[in-house]
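Visitor: Before I ask anything, here is the structure I am working with.
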Ligand code: GLN
C-alpha cells in the first residue's frame with residue numbers, strides 16, 4: 001500500500017513538474033517585458049490597421065524605442081479622446097498618436113521631446129466657396145473629437161458650428177455628404193483622406209503648426225527619460241528620418 005501511494009505521489013510530482021516548468025516558458029516566450037502604447041489607429045500614416053496588424057510612423061518608431069528599452073511593444077487601440085486618461089491611469093505606458101503638445105495637455109501628462117511636426121489644415125469639397133480661413137465663419141466644420149483641430153476651431157468659430165466625430169474618416173464622410181462644409185485635421189491624414197476620396201481638396205492656408213510628442217504619466221519620469229534617450233539615439237543615427245521617409249514622400 002505504501003509503495004502504491006509513493007508511486008502515485010511520484011507520478012503526480014512528475015506531472016506537476018512537467019506542467020509547471022512549461023507554463024512560464026509558453027506564456028512569455030522571449031521573456032521580454034511588455035511596454036504598452038495607447039493610440040488611435042485611424043490616423044494614417046502615423047497609425048492605421050492593415051488587417052490585424054498595426055502600422056505607421058508612430059508604430060515603427062515605438063517599436064524601435066521598445067527595442068532600445070529591451071521591451072516588447074504592445075499596441076492598444078482606443079478613441080483618441082481616451083489616450084491621455086489611459087496614460088494617467090497607467091493602463092498604457094505611453095500615448096503616441098500624432099499627439100500635439102499643448103499647454104493644457106502638459107498639465108495632465110509629460111511629453112517627450114518632439115519627433116515630428118504636424119500642421120492643421122482645412123479640407124473642403126472641390127469648388128467650395130471656402131477659399132480661406134475667414135470663409136469658415138458661420139460654416140459647419142467637422143473635426144475629430146478631442147484633437148487640437150477640434151479644440152481650436154470651437155474657440156475660433158464657435159462650438160455651435162463644429163461637429164466632432166470620433167474618427168477623422170467619419171468627418172470626411174460627413175463632408176462628402178454635405179453634413180459639414182469643411183474638415184479641420186492634421187495634414188498627413190488629410191492628404192491620405194484626399195487621396196482615398198475623389199472630389200476633395202486641401203486649402204493652401206495652414207490653420208496651425210504643431211509639435212508631435214509622446215505622452216507619459218507625470219509620475220513616471222524614469223520612463224520619460226528612457227524614451228527621450230532612445231529618441232535622441234534614433235534621431236542621431238537616422239532611424240527616425242528613415243521611418244518617416246518610408247511613409248511620407250518628400251515634397
Ligand atoms: N495632432 C492632433 C492632436 O493631437 C490629432 C491627433 C490624432 O487625431 N491622432 O490633437
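Visitor: How far apart, in nm, are two points set 7 Å out from the Cα along the Cα-to-Cβ line at residue 233 and at residue 167?
Guide: Computed distance between label sites residue 233 and residue 167 equals 3.6 nm.
Visitor: Separation of the range 67-86 and the range 182-202 by C-alpha centroid, Å?
Guide: 26
Visitor: Given the range 111-192, report the % of alpha carbon pairs whose separation exceeds 14 Å.
Guide: More than 14 Å apart: 59 percent of the Cα pairs in the range 111-192.
Visitor: Per DSSP H run of n ≥ 4, the term is -39500 (n - 2.57); total these for the chain, divide by its residue number, and report the mean residue ellipticity at 222 nm rounded to 500 deg cm²/dmol.
Guide: -12500 deg cm²/dmol
Visitor: Can you say what percent of the DSSP beta bridges in the chain, counting only those with both residues inside, are antiparallel? Round to 5.
Guide: Around 60 percent antiparallel, to the nearest 5.
Visitor: Any idea what the relative contact order of the range 72-176 is, in percent, if you count C-alpha pairs under 8 Å spaced at least 6 apart?
Guide: Result for the range 72-176 is 24 percent.
Visitor: Still on this structure, please answer the following. Using only the Cα atoms of the range 92-236, what semi-axes does the equivalent ellipsoid have when each is the square root of 5 times a gyration tensor eigenvalue? Give whole Å, largest first.
Guide: 32, 16, 12
Visitor: Also, I was wondering about something else. When you count, for each residue, the other Cβ atoms within 10 Å and take the mean per peptide, how do 183-190, 119-126 rank with the highest first?
Guide: Output ranking for 183-190, 119-126: 183-190, 119-126.
Visitor: Which of the peptides 98-105, 235-242 is most tightly packed, and how do the rest follow, judged by the mean count of other Cβ atoms within 10 Å per residue?
Guide: Peptide ranking by packing, descending: 98-105, 235-242.
Visitor: Considering the alpha-carbon set of the range 147-213 alone, what are its Rg and its Dmax in angstrom?
Guide: 11.8, 34
Visitor: So what is the relative contact order of the chain, in percent, for Cα pairs below 8 Å that sit 6 or more residues apart?
Guide: Over the chain, the number comes to 25 percent.
Visitor: Please work out the ratio of the alpha-carbon Rg of the chain to 2.2 N^0.38 Å and round it to two decimals.
Guide: Normalised Rg, Cα atoms only: 1.32.
Visitor: Run the numbers on the range 104-243 and let me know its relative contact order in percent, using alpha-carbon pairs under 8 Å that are six or more apart.
Guide: 40
Visitor: While we're on this one: State the Cα centre-to-centre distance between the range 101-116 and the range 225-251 in whole Å.
Guide: Answer, in whole Å: 18.
Visitor: Roughly what percent of Cα-Cα pairs across the range 132-180 reach past 15 Å?
Guide: 38
Just so you know, all these numbers are worked out from the coordinates, no wet-lab data involved. Just so it is clear, the structure is predicted and the values come from calculations on it, not from any experiment. Glycine gets a Cβ as well: all are built from the backbone with ideal geometry, and neighbour counts include every protein chain shown.
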